[in-house]
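Q: Attaching a single structure in structure tokens format; questions to follow.
The values are calculated or read from the model by the stated rules, or taken from the named source; none is laboratory data. Everything quoted here is computed from the prediction, not taken from an experiment. So basically every Cβ, Gly included, is an ideal-geometry build from the backbone, and we count neighbours across all protein chains shown. Accessible surface areas use protein heavy atoms only, side chains included; no ligands, DNA or RNA. Shrake-Rupley method; radii C 1.70, N 1.55, O 1.52, S 1.80 Å.
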Amino acid sequence: MTERKIRVLVAKPGLDGHDRGAKVVARALRDAGMEVIYTGIRQTPAMIAEAALQEDVDVVGLSILSGAHLELFPAVIEACRERGITPDSTIFFCGGIIPQEDVAAMEQIGFRAVFGPGANTNDIVKFLRERVGAPV
Amino acid sequence: MSPSGDLQTRFIQGDRRALARLITEAENGTDTGRAALRALYGRTGQARTIGITGPPGAGKSTLTNEFAKALRARGQTVGIVAVDPSSPYTQGAILGDRVRMQELSSDTEIFMRSLASRGALGGLSAATLDVIALLDAFGKEVILIETVGAGQDEVEIAGTAQTTVLVNTPGTGDDIQAMKAGIMEIADVLVVNKADLPGADLLVSQLRALLSLLPDRTWMPPIVKLVAIENVGIDELVAACDNHWEYLTASGRLRGQKEERVRHQILNLGRARLLAGLMDDAEGGVRLDELVRAVADGELDPHTAASEWVGQEAPA
């Protein structure tokens, strides 16, 4: 009863419908004992921020393959901020097709990690466990 | 001010983040959660609660989505609690009910929370009643509770919600399935979803025949045909739930139902507390291991072992 579960929101902003990566990550986190709220595809920044608020998640993971991350990811962070959810209190990470030259910009706006194609799901699990610092 | 008190103050002021956080605390059974429930419980008792259950894939989430929209259209605020199963092996969970409720997240008068069942077997989670209490205290007028995809025996919802809606779909078995004991008996409103599929009318007639065999009741569950994904028949469902509500209030059944619910909750919490007491006791854990070996070796039967473990005389 009193054990602390890591809750993760996995969301896909924007218009691409390629959700295989998001689902693989969601499944890997589930198998690592986390509770994963999956939103489905084509989410607006406001929808993602609302879900993060209502679900009181420790972590928000975004996946995008359309190339619109430079526009959409800051908008998600901003929508979360408007609701009092900041990168200081909540861990943001992202993945998908994000060119190396954009990684610094992602980190700049608050993403703690960027996992691209070929990333090992075990590394994602390890990263989250260390960052959330909760027993699993 | 203590963190707990601060959260409570913000909760009372209508801060939705405080509500979200207190739900987490209640779900985790923390002192903060307990303190909040104690302080806020006096604000509960205003909301109507409607449970939605049925087998996996019957359309519970889609129906909940449409139901919530219909309630909002007539000006009521809505809380939604949606439970999905935890893995029995890793205790992890994928909570996917939001996928069917995407359009609700633009309405701040709807608060939707996904819960993992965390090992509870009745189709809900142990903390579901606490989460409902918090949504109620927050001022949500109607609370929809969607269960885990339920088979035949997940009937916990009937002791949790004031009105229980059972969602069926055509093509899932013959009338003997419907005659079995269990989930069919707990419905206050029967829904035949996906009513555009072949077999819908047959299912309706089977359900009607089944209902005719029930002993005389003061409330006869209506059967509502609908196609949730096309928003066909939702108004009829809302009306059927309203009728059941009127029945509960007019008959005085509401109070009796509440006392049954609270009694059940106290018993469950008491049982959990006693068991936790035994498990937390280091000596109790060691003795349990010894008893497990003794029973596995055939030296003791499980009933005697259980009596010894809880410190009772074994029955003669």
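Q: Taking R0 as 25 Å, what FRET efficiency do you get between B:LEU269 and B:SER307 from their Cβ-Cβ distance, rounded to the nearest 0.05? Provide the component values of the computation, followed by the final result.
A: Working: r = 23 Å, r/R0 = 0.94.
The computed FRET efficiency comes out at 0.60.
Q: If you don't mind, there's one more thing I want to ask. Enumerate the residues in region A:36-63 having an amide nitrogen under 20 Å from the point lying 7 Å beyond the Cα of B:ASP107 toward its Cβ.
A: It comes to A:39-40, A:43-55, nothing else.
Q: Related question: Listed here are the pairs B:LYS60/B:LYS225; B:LYS60/B:LYS140; A:LYS23/A:LYS126; B:LYS140/B:LYS225; B:LYS60/B:LYS194; B:LYS69/B:LYS194; which of them are more than 23 Å apart at the Cα?
A: Pairs exceeding the cut-off: B:LYS140/B:LYS225.
Q: Counting only protein heavy atoms and rolling a 1.4 Å probe, how much accessible area do B and A lose on contact, total for both sides, in Å² to 100?
A: Looking at B and A, the buried total is near 2600 Å².
Q: Among DSSP beta bridges lying fully in chain B, give the percent that are antiparallel, nearest 5.
A: In chain B, DSSP labels about 5 percent of beta bridges as antiparallel.
Q: Hey, another quick one. Per the 1.4 Å probe, what fraction of the accessible area of chain A, in percent, lies on carbon and sulfur atoms? Present the calculation step by step, with values, prior to reporting the outcome.
A: Details: 2940 of 5810 Å².
Carbon-and-sulfur percentage of accessible area, whole number: 51.
Q: Step through the residues of region A:51-68 one at a time and calculate ³J(HN,Hα) from phi using the Karplus curve (6.51 cos²θ - 1.76 cosθ + 1.60, θ = phi - 60°), rounding each to whole Hz and writing x for Gly and Pro.
A: Per residue, the Karplus-derived 3J(HN,Hα) values read 5, 4, 5, 5, 8, 6, 7, 7, 9, 10, x, 10, 10, 8, 10, 8, x, 9 Hz.
Q: Label-point separation (nm) for A:ALA105 and B:TYR247, each offset 7 Å from Cα along Cα-to-Cβ?
A: 6.1
Q: Also: Rounded if a/c is under 1.5, else prolate if a/b beats b/c, else oblate: with a ≥ b ≥ c from the C-alpha gyration tensor eigenvalues square-rooted, which is region B:44-251?
A: rounded
Q: Taking 0.36 nm per residue of separation and subtracting the Cα-Cα distance, what length does fully extending B:GLU299 through B:THR44 add?
A: Between B:GLU299 and B:THR44, full extension yields an extra 86.6 nm.
Q: Please average, across the residues of A:45-55, the number of beta carbons from any other chain that are within 10 Å of each residue's own beta carbon, and give a whole number.
A: 5
Q: If you roll a 1.4 Å probe over chain B with all protein chains in place, what percent of the accessible area is carbon or sulfur?
A: In chain B, the share of accessible area belonging to carbon and sulfur is 53 percent.
Q: A further question follows. Ranked from the most accessible area to the least, with a 1.4 Å probe and all protein chains present, what is the order of B:SER86, B:SER114, B:SER106, A:SER89?
A: The ordering from most to least exposed comes out as B:SER106, A:SER89, B:SER86, B:SER114.
Q: To continue, here is another question. In peptide A:33-44, what is the residue-averaged number of other protein chain Cβ atoms found within 10 Å of each Cβ?
A: Mean number of neighbouring Cβ atoms from other chains: 6.
Q: Could you give the dipole magnitude of the protein assembly as shown about its Cα centre, charging the beta-carbon of Lys and Arg +1 and that of Asp and Glu -1, in debye to the nearest 20? Write down the numbers at each step before the final one.
A: Numbers: 46 positive and 60 negative charges, 160 e Å.
With only Lys, Arg, Asp and Glu charged at Cβ, the dipole is about 760 debye.
Q: Continuing with this model, one more query. Once label points are set 7 Å from the Cα along Cα→Cβ at both B:LEU278 and A:ARG81, what is their separation, rounded to one decimal in nm?
A: Spacing of the two 7 Å Cα→Cβ label points: 5.5 nm.
Q: OK, next. How shielded is B:205-215 by partner chains, expressed as the average number of their Cβ atoms within 10 Å of its Cβ atoms?
A: Taking all residues of B:205-215 together, the mean is 0.
Q: Let me ask something else about it. Count charges around B:VAL227 for me, please; just the other residues with Cβ under 12 Å from its Cβ, Lys/Arg as +1, Asp/Glu as -1.
A: Spelling it out: positives minus negatives among the neighbours equals -2.
Q: Shifting gears a bit: Highest first, please rank the peptides A:9-21, B:290-302 by the mean number of other Cβ atoms sitting within 10 Å of their residues.
A: Taking the mean over residues of other Cβ atoms within 10 Å, the ranking is A:9-21, B:290-302.
Q: Follow-up. What net charge is computed for the residues neighbouring B:ILE143, neighbours being all others with C-beta under 12 Å from the C-beta of B:ILE143, Lys and Arg scored +1, Asp and Glu -1? Can you show the working numbers first?
A: Values: positive: B:ARG48, B:ARG113, B:LYS140; negative: B:ASP136, B:GLU141, B:GLU146.
Charge balance in the 12 Å sphere: 0.
Q: Which order do B:MET220, A:MET47, A:MET34 take by accessible area at a 1.4 Å probe, largest first?
A: Working: B:MET220 90, A:MET47 30, A:MET34 0 Å².
Listed by decreasing accessible area, they come as B:MET220, A:MET47, A:MET34.
Q: Put +1 on the Cβ of each Lys and Arg and -1 on the Cβ of each Asp and Glu in region B:129-263; which of B:ALA158, B:ALA200, B:ASN168 then has its Cα farthest toward the positive end of the dipole?
A: B:ALA158
Q: Pop out a list of residues from region B:4-31 that are at least 50 Å² less accessible with all the protein chains around than in their chain alone; 1.4 Å probe, no ligands or nucleic acids counted.
A: B:ARG16, B:ARG17, B:ASN28
Q: Also, I was wondering about something else. Residue separation times 0.36 nm, minus the C-alpha to C-alpha distance between A:THR121 and A:ARG27: what's the value?
A: That pair, A:THR121 and A:ARG27, stretches by 32.9 nm at full extension.
Q: A follow-up question, please. With +1 on each Lys and Arg Cβ and -1 on each Asp and Glu Cβ, and nothing else charged, work out how big the dipole of region B:1-41 is about its Cα centre, in Debye to the nearest 20.
A: 100
Q: Quick one: putting +1 on the C-beta of Lys and Arg, -1 on the C-beta of Asp and Glu, what dipole do you get for region B:44-251 around its Cα centre, in Debye to the nearest 20?
A: 260
Q: Can I ask one more? Return the single residue from B:GLY51, B:GLY59, B:GLY233 with maximal mean-square fluctuation; model: Gaussian network over chain B, springs between Cα atoms under 10 Å.
A: Judging by the Gaussian network model, the answer is B:GLY233.
Q: Work out how much length B:GLU230 to B:ASN28 would gain on full extension: take 0.36 nm times their residue separation and subtract the Cα-Cα distance, in nm to one decimal. Working shown, then result.
A: Working: separation 202, 0.36 × 202 = 72.72 nm, distance 3.77 nm.
Here the segment from B:GLU230 to B:ASN28 would lengthen by 69.0 nm.
Q: Something else about it: Under the rule a/c < 1.5 gives rounded, and otherwise a/b versus b/c splits prolate from oblate, where does chain A land using the Cα gyration tensor?
A: In terms of gyration-tensor shape, rounded.
Q: Just the number please: accessible area per residue for the protein assembly as shown, 1.4 Å probe, all protein chains included, in Å².
A: Dividing the accessible area of the protein assembly as shown by its residue count gives 47 Å².
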